[in-house]
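The values are calculated or read from the model by the stated rules, or taken from the named source; none is laboratory data. All values reported here derive from a predicted model rather than from experimental measurement. In this analysis, Cβ positions are derived from the backbone assuming ideal geometry, glycine residues included, and neighbour counts consider all displayed protein chains. Surface accessibility is based on the protein's heavy atoms, side chains included, excluding ligands, DNA and RNA. Shrake-Rupley method; radii C 1.70, N 1.55, O 1.52, S 1.80 Å.
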Amino acid sequence: MTVKQILEQKGREVETIGPDASLSDAAAILSQKRIGALVVLGDNRRVAGILSERDIVRVVGRDGGPALSQRVAQVMTTKVVTAREDMTVDQLMDLMTRGRFRHLPVCEDERLVGVISIGDVVKRRIEDVEREADDMRAYIHTVAG
Ligand code: AMP
C-alpha cells in the first residue's frame with residue numbers, strides 16, 4: 001500500500017500552526033483535535049517545522065508551566081523528514097524507525113498534501129498481515145482438500 005492510497009482513505013486534512021503561535025495555543029489544538037503533532041507552516045505555506053507533544057513535554061518538564069508562553073518556532077524541529085505519495089508502508093516504517101518519530105508530513109513539489117502518523121502505518125500493516133493470513137488459510141484449505 002502507498003501513501004497516496006492511505007491519504008485517499010483517511011483524507012488529506014492537516015492540522016497546522018504558525019511559528020509565532022505560543023506553545024499553549026499548540027497544546028490546546030493538540031488536545032482539542034486529539035492528535036500528537038502539528039505541522040508548522042511559514043509565510044509561503046511551506047513546511048517550516050514540526051511540533052509534537054514530546055517537544056512541549058520536554059520544555060515544560062525542564063522549565064515548568066511558564067514555558068508554555070514560548071513561541072512554537074523556539075521549540076519546533078526544523079529539519080523535517082517528509083514522505084512522498086509514491087512511498088510504501090514499509091518505507092514509512094523505515095523512516096519513522098530510523099528517525100525515532102511518529103509523524104511524517106507528505107509533500108509533493110514542496111507543497112503539503114497530507115500527514116501520516118504511526119497509527120496510520122500500524123493500521124495498514126495489521127490489515128496486510130491479516131490478509132496474508134487469510135490467503136495462507138485459503139491456500140492450505142485448497143491443497144489439503
Ligand atoms: P513524535 O514521535 O512524532 O511525537 O516526535 C518526536 C520528536 O521528533 C519531536 O522532537 C518532533 O518534533 C520530531 N519529529 C516528529 N516528526 C518528525 C519528522 N517527520 N521529521 C523530523 N522530526 C520529527
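Laid out as a table, the results:
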quantity: Flag for ASP90 being open to solvent by 20 Å² or more (accessible area, probe 1.4 Å), within 30 Å of VAL129 (Cα to Cα) and at pLDDT below 95; calculated: yes
quantity: First in segment 94-105 and open to solvent by 40 Å² or more (accessible area, probe 1.4 Å), second anywhere and within 7 Å of the ligand (Cβ to nearest atom) and assigned to a helix (DSSP H, G or I), Cβ under 9 Å, 6 or more apart; calculated: PHE101/ARG54; ARG102/ARG54
quantity: Qualifying residues in segment 113-122 (those that are away from the ligand (no atom under 12 Å from the Cβ) and within 19 Å of GLY49 (Cβ to Cβ)) - the one surrounded by the fewest Cβ atoms within 10 Å (Cβ to Cβ); calculated: VAL113
quantity: Helices (runs of 4 or more DSSP H) wholly inside segment 8-126 that include at least 2 residues being of a type in the set (Val, Ile, Thr); calculated: 53-63, 72-75, 89-99
